[in-house]
Amino acid sequence: MNNVLRYGLQTINYTLFMALVWYFSFQPSYRQLEEGQAVVTLSFAHAAQLREPCIRYTQEELQKLPPNMRLPMNCPRERSPIIVELYLDTKLMAKHEIEAPGIHNDQGVDLFHRIKAPAGNHKLRVWMNDDVKVDGPTYKFEQAITLQPEQQLLVDFDANSGGFYLDD
């Protein structure tokens, strides 16, 4: 009799628990995007230009250095900060100024930024400066785009291919 009561109460408890799980899996309803919205994602990994150029030592300068320090060139490792701006039509949607990580500020930068935008026709502009020796952008991208509702548009970057590009 005691086991029957215990198993019966366990069945009732498990049924109530599963009913709660089932209910909260549907209610309240949740939508990540509102009606008529799309997502533009700016995502890339990039190592900026070196902050300072390499310096070649003369023979006289090398002779002044201790023997274990006599390298023909001195190349600083520190990289420039990366400045990125993304505009949708004329509105600034994202601006990032990122210092290179690492003990010597010598590593690449990873960026991931999602922007919810209204669906429709837009003008997308992205520019980036990855060199402190250059005033203004070192990479520019500008293109007319059409965003569909619930579309995910990826703006990626590849320095070897010439800069920014779109990936649907």
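Of all residues in region 96-141, how many are crowded, with 16+ Cβ neighbours inside 10 Å, β-branched (Val, Ile, Thr) and under 17 Å from the mean Cα position of the chain (by Cα)?
2
Find all pairs meeting these conditions: Cβ atoms under 7 angstrom apart; at least six residues apart or on different chains; first residue within region 141-168 and within 14 Å of His46 (Cβ to Cβ); second residue in a loop (DSSP other than H, G, I, E, B) and aromatic (Phe, Trp, Tyr).
Pairs that qualify, where the first residue is within 14 Å of His46 (Cβ to Cβ) and the partner is in a loop (DSSP other than H, G, I, E, B) and aromatic (Phe, Trp, Tyr): there are none.
Looking at region 43-87 only, could you name the residues that are aliphatic (A, V, I, L, M), in a loop (DSSP other than H, G, I, E, B) and within 23 Å of Pro137 (Cα to Cα)?
If the condition is that a residue be aliphatic (A, V, I, L, M), in a loop (DSSP other than H, G, I, E, B) and within 23 Å of Pro137 (Cα to Cα), then Ala47, Ala48 are the ones that fit.
Looking only at region 31-42, which residues are of a type outside the set (Val, Ile, Thr) and part of a strand (DSSP E or B)?
Once the filter is applied, which keeps residues that are of a type outside the set (Val, Ile, Thr) and part of a strand (DSSP E or B), region 31-42 yields Gln37, Ala38, Leu42.
Among all residue pairs at least 6 apart or on different chains, which show Cβ distances below 6 Å where the first residue, located in region 84-95, is on the phi > 0 side of the Ramachandran plot and the second is surrounded by 17 or more Cβ atoms within 10 Å (Cβ to Cβ) and part of a strand (DSSP E or B)?
Pairs that qualify, where the first residue is on the phi > 0 side of the Ramachandran plot and the partner is surrounded by 17 or more Cβ atoms within 10 Å (Cβ to Cβ) and part of a strand (DSSP E or B), are Asp89/His122.
Whether any residue in region 58-66 is acidic (Asp, Glu), surrounded by 10 or more Cβ atoms within 10 Å (Cβ to Cβ) and over 30 Å from Trp127 (Cβ atoms) is what I want to check.
Looking only at region 58-66, we keep the residues that are acidic (Asp, Glu), and these are 60-61.
Then keep just the ones that are surrounded by 10 or more Cβ atoms within 10 Å (Cβ to Cβ); that gives 61.
Still in the list and also over 30 Å from Trp127 (Cβ atoms): 61.
Yes, some residue in region 58-66 is acidic (Asp, Glu), surrounded by 10 or more Cβ atoms within 10 Å (Cβ to Cβ) and over 30 Å from Trp127 (Cβ atoms).
Looking for whichever is under 18 Å from Val39 (Cα atoms), aromatic (Phe, Trp, Tyr) and in contact with a strand residue (DSSP E or B) (Cβ under 8 Å, 6 or more places away or on another chain) here; the options are Tyr87, Tyr139. Which one fits? Break it down stepwise before answering.
Numbers: Tyr139 fails: under 18 Å from Val39 (Cα atoms).
That would be Tyr87, the only listed residue that is under 18 Å from Val39 (Cα atoms), aromatic (Phe, Trp, Tyr) and in contact with a strand residue (DSSP E or B) (Cβ under 8 Å, 6 or more places away or on another chain).
Search region 142-168 for residues being part of a strand (DSSP E or B) and acidic (Asp, Glu), and hand back the single one that is surrounded by the most Cβ atoms within 10 Å (Cβ to Cβ).
Asp156
So Ser25 ticks every box in (1) in a helix (DSSP H, G or I); (2) modelled with pLDDT of 90 or more; (3) of a type in the set (Ser, Thr, Tyr) but one. Which box is left unticked?
Condition (2) is where Ser25 drops out.
Quick check on my filter: what residues within region 44-91 are more than 21 Å from Val132 (Cα to Cα) and of a type in the set (S, T, N, Q)?
Thr58, Gln59, Gln63, Asn68, Thr90
The values are calculated or read from the model by the stated rules, or taken from the named source; none is laboratory data. All values derive from a computational prediction rather than experimental measurement. Cβ: placed from backbone, ideal geometry, glycine included. Neighbour counts: every protein chain shown.
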